[in-house]
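Only the coordinates and a few stated rules stand behind these numbers; no lab work does. It should be emphasised that the depicted structure is a prediction, and the values quoted were computed from it without experimental measurement. Cβ: placed from backbone, ideal geometry, glycine included. Neighbour counts: every protein chain shown.
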Amino acid sequence: MLQRKISPVYGLAVIYMISVMGPAAGSEIYGDCIRYTVGEIKPELTDGDRFCLQETDYVYCKEFKCPPTTCGSPLVPENLKCLYCEGTCSYGGTVYEVGADFECLDGSNQCHCGKQNSIASTKAGQNYRWMCKK
């Protein structure tokens, strides 16, 4: 029986290629988020939106469906995502009244609903682990 020996150079080459290629591509569930590799193309959301935070090698995103509008003439926001009604904000799949304060999607800041669907936020640090609850 003939045995082949694998050259140590071959083994080092494999290890080098893995380190150069970086983390494996492909989204996966991470707590309450979806984790994408930096640079990975995210699928288009037809009736929703996503809020993402980037860490060194990955992008962590919370994805949500747009809430239904209850007015006769919903308004289109500048980002062309979820529609909203006058006097409200559409944020993270929830409708808030103008003047309302609530927890931001990042899990660490407080947000405020302003006129014309504007969302103001405190500027405390952000951490994908807080956002994804993991």
Open item on the list: Whole-Hz ³J(HN,Hα) for each residue in region 39-55, computed from phi via Karplus 6.51 cos²θ - 1.76 cosθ + 1.60 with θ = phi - 60°, x for glycine and proline: what do you get?
Closed with: x, 5, 7, 8, x, 5, 9, 7, 9, x, 8, 9, 10, 10, 10, 9, 10
Task: region 26-134: C-alpha gyration tensor shape, a/c 1.5 cut-off, then a/b vs b/c - done: oblate
- [ ] Lys and Arg at +1, Asp and Glu at -1: add these up for the other residues within a Cβ distance under 15 Å of Tyr84 and post the number.
- [x] -2
- [ ] At 0.36 nm per residue, minus the direct Cα-Cα distance, what do Leu75 and Gln116 gain on full extension? Give it in nm, one decimal, please.
- [x] 13.9 nm
Open item on the list: Tell me the net charge near Gly39. Cut-off is 15 Å between Cβ atoms, Gly39 excluded, with +1 for each Lys or Arg and -1 for each Asp or Glu.
Closed with: -1
Open item on the list: Please report the net charge: other residues with Cβ closer than 15 Å to the Cβ of Glu63, K and R +1, D and E -1.
Closed with: 0
Open item on the list: Compute the distance from the alpha-carbon center of region 62-80 to that of region 81-134, in whole Å.
Closed with: 14
TODO: Evaluate the relative contact order of region 66-123 (contact order divided by residue number), counting alpha-carbon pairs under 8 angstrom at least 6 apart; express in whole percent.
DONE: 26
